[in-house]
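Notes to accompany the following structure.
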Amino acid sequence: MVAASLACGAALAHAAGPAKPTRLGLCAACHGETGMAQVPGVPNLAGQKLDYLRDALKQYRDGRRNVPQMRAAIGPMSDADLDELARWFSAQAPSHQGNP
Ligand code: HEC
């Protein structure tokens, strides 16, 4: 039983396969490593459209969305860094974690 559920999870996680972004740790405390929010009031990012995520991140960085928590997390990241994070979260399957 354990093997079956692991295999299922692994298939989902590896299907789309972008490499883990080096800055993912900055986001995980609130959004979770796989984009399922860890904190009330924080949106899930898993499976969200790539373009939407990329635009949202640039809006926080450039101050067009003025949310202090997000601006602090992103800081002055480059477009390439934001792109990597957007790709990662977009490729995650929305799911419940750690729920055997
Ligand atoms: C301190 C908690 C916190 C951290 C850390 C954090 N976020 Fe957020 N994030 C939020 C909150 C709260 C919102 C909702 C803000 C709003 O209302 O616009 C949000 C919104 C977003 C959105 C927009 C979602 C949507 O549906 O519009 C994206 C994309 C995002 N975060 C990505 C990231 C990334 C990437 C990182 C790491 C660099 C990160 N966040 C770090 C709290 C956090």
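The values are calculated or read from the model by the stated rules, or taken from the named source; none is laboratory data. From a predicted model like this one, the values you see are computed outputs, not experimental measurements. For neighbour counting, all protein chains shown are included, and Cβ atoms are generated from backbone atoms with ideal geometry for every residue, glycine included.
Do we have ALA91 as near the ligand (Cβ under 9 Å from one of its atoms) and either of a type outside the set (Ser, Thr, Tyr) or at pLDDT 95 or above (or both) here? Write out each step before concluding.
Numbers: near the ligand (Cβ under 9 Å from one of its atoms): no; either of a type outside the set (Ser, Thr, Tyr) or at pLDDT 95 or above (or both): yes.
Criteria not met by ALA91.
Does the stretch 1-45 hold any residues that are hydroxyl-bearing (Ser, Thr, Tyr) and at pLDDT 55 or above, and which are they? Give the steps one after another, and end with the answer.
Applying the first criterion (hydroxyl-bearing (Ser, Thr, Tyr)) to the stretch 1-45 yields 5, 22, 34.
Passing the criteria: THR22, THR34.
May I ask you to list the residues in the stretch 38-47 that are more than 9 Å from the chain's Cα centre (by Cα) and either among the hydrophobic types (A, V, I, L, M, F, W, C) or buried (at least 16 other Cβ atoms within 10 Å of the Cβ) (or both)?
At the first step, the residues of the stretch 38-47 found to be more than 9 Å from the chain's Cα centre (by Cα) are 38-43.
Listed by number, the residues that qualify are VAL39, VAL42.
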**Complete:** The number of residues in the stretch 69-88 that are free of Cβ contacts under 8 Å to residues at least 60 places away in the same chain and either buried (at least 18 other Cβ atoms within 10 Å of the Cβ) or of a type outside the set (D, E, K, R) (or both) is 12
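Which one is nearest to the chain's Cα centre (by Cα) among residues in the stretch 52-68 that are surrounded by fewer than 14 Cβ atoms within 10 Å (Cβ to Cβ) and in a helix (DSSP H, G or I)?
TYR52
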**Request:** Inspect the stretch 40-55 for any residue being more than 17 Å from PRO94 (Cβ to Cβ) and in contact with a helix residue (DSSP H, G or I) (Cβ under 6 Å, 6 or more places away or on another chain) and give the result as yes or no.
**Result:** yes
**Complete:** Residues of the stretch 26-45 being part of a loop (DSSP other than H, G, I, E, B) and closer than 16 Å to GLU84 by Cβ, in sequence order, are GLU33, THR34, GLY35, LEU45
